[in-house]
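*Asks:* Can you read through this structure? Questions will come right after.
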Amino acid sequence: MSQTSALVILIAAIFTNNILLTNFLGMCSFIACSRQIGTAVGLGTAVTFVMTMTTVLNYAIYHFVLMPHRLAHMTFIVFIAVIAAFVQFVEMFVERFSPRLYFALGIFLPLITVNCAILGASLFMIIRQYNFVQSVGFGFGAGLGWAVAILLMAGLRQKMRYSNIPEPFQGVPIAMVVTGVLAMAFMGFAGMVSIQ
Amino acid sequence: MANEKQPVCVSCGAKGPCGGKGLPTLKEGLWTSNPLAIQVLGICSALAVTNRLENSLVMGIALIFVCVGSNLFVSLLRNVTPHRIRMIAEVAIIATFVILFDQFLKAFYWDMSKQLGPYVGLIITNCIVMGRAEAFALQNPPLLSMVDGAANGLGYACVLAVVGFFRELLGTGKVLDMTVLDGKWYKPNQLMILAPGAFFALGIIIAVLNALKGPEAEEKKQ
């Protein structure tokens, strides 16, 4: 694992190992917030940014604080605290320095704390034993992959409004099935690059 | 009818009172507002671990354990938790139970722990646990909250077991590693254990439940 370059991991995290379509992370907000393209772009951007930063932060904390002090069993609680604190900090920072950006992204930030993709990315980084550069690539790629998936989904759902869907399938079930088709399409990338 | 004075449930909104007794609470979690199939919460793990029935069952047990434990403690502490920091308190309680279960798996069932990978840890961000703590345990006494936690955990576990059963059956022709569908006349459909199969399976199961519930829901509207 240690030989793979960060660029390969980045590409793989976007296409072949898309965190949403192959690891099913961040489904809740994916289903709830993919009705409008604008919303999808906002949320996608926020997730990409927060995921990159928290992966890096968690990498540092795991390897420089938790491991030397044999506190690996505290991983979950520390990671979630880091993520919550970081999101809070970003929210205050953005609100203070860029009110326009705050209005564009502000409402999405609290949602992100409970987005399992963020915590998932940090946990995958630990399980797959990435080094620092690889972690940066993975965090950024996974965020970007999530953004791409929700953007595609928003586009599909806007078209879907005009189609005649059987009644029991309306709403969430059809969104699931469409996501399944999307996942199949992404499986076409499988031979391109691979990470475990 | 006995519990008309009970407040309207925060999580299920118009669906009426659910704070009355143990039994209505149980039914609420298992069927009427099943967290997974009706409220569509916590689907991440439901999709990820259901490629085998065994994994689904372990995950279901994990969620029941965490839900009961966190609901009990959130409820016990509900009168001393300041309103402003209740979220972080809930997360801390939930994370504690998740860590307990994770350490248990790592100690006694290492293979299972490896297969479930990060998804045990991700129970922390599972909307069901957080939702029940926030919507139920904060307003109700400890014992009833435990029942509610168990009911919701069970409701989740049941749907997970159904999805896991069909995916393993159709994907490998086996159930709990015992061959059920003979290879001679059934060719296992690999797609079902891959990612797209998860989406299709859960989508179809929710649709079937919708269809079953359809007439009831419409009667209520009228």
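The values are calculated or read from the model by the stated rules, or taken from the named source; none is laboratory data. From a predicted model like this one, the values you see are computed outputs, not experimental measurements. Quick reminder, even Gly has a Cβ in these numbers, built from the backbone with ideal geometry, and neighbours come from all protein chains shown. Each accessible area value is taken on the protein alone, full model and side chains, heavy atoms only, with ligands, DNA and RNA left out. Shrake-Rupley method; radii C 1.70, N 1.55, O 1.52, S 1.80 Å.
*Asks:* Using the Cβ atoms and a cut-off under 12 Å, what net charge is assigned to the surroundings of A:M153, where Lys and Arg are +1 and Asp and Glu are -1?
*Replies:* +3
*Asks:* Over all residues in B:83-92, what is the mean tally of Cβ atoms on other chains that come within 10 Å of each residue's Cβ? Provide the component values of the computation, followed by the final result.
*Replies:* Numbers: counts 0, 0, 0, 0, 4, 4, 0, 0, 6, 3.
For this peptide, the per-residue mean of nearby foreign Cβ atoms is 2.
*Asks:* Order the following by accessible area, largest value first: B:R167, A:R96. Probe radius 1.4 Å; ligands, DNA and RNA are ignored.
*Replies:* From most exposed to least exposed: A:R96, B:R167.
*Asks:* Let me have the 222 nm mean residue ellipticity of chain A computed from DSSP H runs of 4+ only, each contributing -39500 (n - 2.57), with the sum over all residues rounded to the nearest 500.
*Replies:* Helix contribution divided over all residues of chain A: -22000 deg cm²/dmol.
*Asks:* So, taking all protein chains as they sit and a 1.4 Å probe, how much accessible area belongs to B:L143, in Å² rounded to tens?
*Replies:* Accessible area, nearest 10 Å²: 130 Å².
*Asks:* Another question about this same structure. Rounded if a/c is under 1.5, else prolate if a/b beats b/c, else oblate: with a ≥ b ≥ c from the C-alpha gyration tensor eigenvalues square-rooted, which is region A:71-196? Walk me through the numbers on the way to the answer.
*Replies:* Numbers: a/c = 2.06, a/b = 1.29, b/c = 1.60.
Cα axes put region A:71-196 in the oblate bin.
*Asks:* Separate question: Enter the mean number of other protein chain beta carbons within 10 Å of the beta carbon of each residue in A:117-129, as an integer. All intermediate terms of the calculation are to be shown ahead of the outcome.
*Replies:* Values: counts 3, 1, 5, 8, 1, 2, 6, 2, 1, 2, 4, 2, 0.
For peptide A:117-129, the averaged partner shielding equals 3.
*Asks:* Could I ask something else about it? Roughly how much of A:Y102 is accessible, in Å² to the nearest 10, using a 1.4 Å probe?
*Replies:* Its accessible surface works out to 50 Å², give or take rounding.
*Asks:* Then there is this: Between region B:128-166 and region A:126-196, what's the alpha-carbon centroid distance in Å?
*Replies:* 28
*Asks:* Mind checking the dipole of the protein assembly as shown: about its Cα centre, +1 per Lys or Arg Cβ, -1 per Asp or Glu Cβ, Debye to the nearest 20?
*Replies:* Working: 26 positive and 17 negative charges, 65 e Å.
Dipole about the Cα centre, nearest 20: 320 debye.
*Asks:* Considering only protein heavy atoms, what per residue accessible area in square angstrom results for region A:6-187 with a 1.4 angstrom probe?
*Replies:* Value for region A:6-187: 44 Å² per residue.
*Asks:* Let me have the 222 nm mean residue ellipticity of chain B computed from DSSP H runs of 4+ only, each contributing -39500 (n - 2.57), with the sum over all residues rounded to the nearest 500.
*Replies:* Estimated from H runs of four or more residues: -19500 deg cm²/dmol.
*Asks:* Sticking with this one: Where in chain A are the DSSP H helices whose C-alpha atoms run 18 Å or more along the long axis and whose mean Kyte hydropathy is at least 1.0? Don't skip to the end; give the middle numbers.
*Replies:* On the way: long enough: A:37-61 (35 Å, 1.41); A:75-97 (32 Å, 1.87); A:132-160 (42 Å, 1.11); A:172-187 (22 Å, 2.27).
Span-like helices here: A:37-61, A:75-97, A:132-160, A:172-187.
*Asks:* Of the accessible area of region B:44-166, with the probe set at 1.4 angstrom, what percent is carbon plus sulfur?
*Replies:* Values: 3460 of 4840 Å².
Solvent-exposed carbon and sulfur of region B:44-166 make up 71 percent of the total.
*Asks:* Inside 10 Å of the C-beta atoms of B:191-197, what's the mean count of C-beta atoms belonging to other chains?
*Replies:* Whole-number average of other-chain Cβ neighbours for B:191-197 is 5.
*Asks:* Additional query: Lys and Arg at +1, Asp and Glu at -1: add these up for the other residues within a Cβ distance under 15 Å of B:G153 and post the number.
*Replies:* 0
*Asks:* How many percent of the accessible area of region A:6-187 is carbon or sulfur, using a 1.4 Å probe? Numbers along the way, then the final one.
*Replies:* Numbers: 5740 of 7990 Å².
Taking all protein chains in place, region A:6-187 shows 72 percent carbon and sulfur surface.
*Asks:* Let me ask something else. How large is the accessible surface of A:H73 in square angstrom, using a 1.4 angstrom probe and rounding to the nearest 10?
*Replies:* Rounded to the nearest 10, that gives 90 Å².
*Asks:* Please list the non-local residues whose amide H lies under 5 Å from the amide H of B:V175, H modeled 1.01 Å from N, same-chain partners needing a gap of 5 or more.
*Replies:* Here the answer is B:V180, since their amide H atoms fall under 5 Å of that of B:V175.
*Asks:* Buried accessible area for the A:B pair, summed, 1.4 Å probe, in Å² rounded to 100?
*Replies:* Separately minus together, A and B give about 2900 Å² buried.
*Asks:* Further question on the same structure: Using only Cα atoms, locate the centre of region A:88-125 and the centre of region B:23-96, then give the distance between them in Å, rounded to an integer.
*Replies:* Computed from Cα coordinates, the inter-centre distance equals 24 Å.
*Asks:* Let me ask another. Between their Cα atoms, which of B:K114/B:K213; A:K159/B:K187; B:K106/B:K213; B:K106/B:K174 are more than 31 Å away from each other?
*Replies:* Pairs exceeding the cut-off: B:K114/B:K213; A:K159/B:K187; B:K106/B:K213.
*Asks:* Using a 1.4 Å probe on protein heavy atoms, which residues of region A:161-196 have at least 30 Å² less accessible area in the complex than alone?
*Replies:* With the partner chains in place, region A:161-196 has these residues losing at least 30 Å²: A:P168, A:F169, A:V172, A:P173, A:M176, A:V177, A:G180, A:M184, A:M187.
*Asks:* In addition: Heavy atoms only, probe 1.4 angstrom, no DNA, RNA or ligands counted: give me A:I19, A:I77 ranked by accessible area, highest first.
*Replies:* The ranking, largest first, comes out as A:I77, A:I19.
*Asks:* Taking all protein chains together and a probe of 1.4 Å, list A:M51, B:M192, A:M192 from the most accessible to the least accessible. Before the final figure, lay out each step's value.
*Replies:* On the way: A:M51 0, B:M192 30, A:M192 105 Å².
The ranking, largest first, comes out as A:M192, B:M192, A:M51.
*Asks:* Based on the Cβ-Cβ distance from B:I85 to B:K27, what FRET efficiency comes out when R0 is 30 Å, to the nearest 0.05?
*Replies:* Values: r = 33 Å, r/R0 = 1.11.
Here the calculated transfer efficiency is 0.35.
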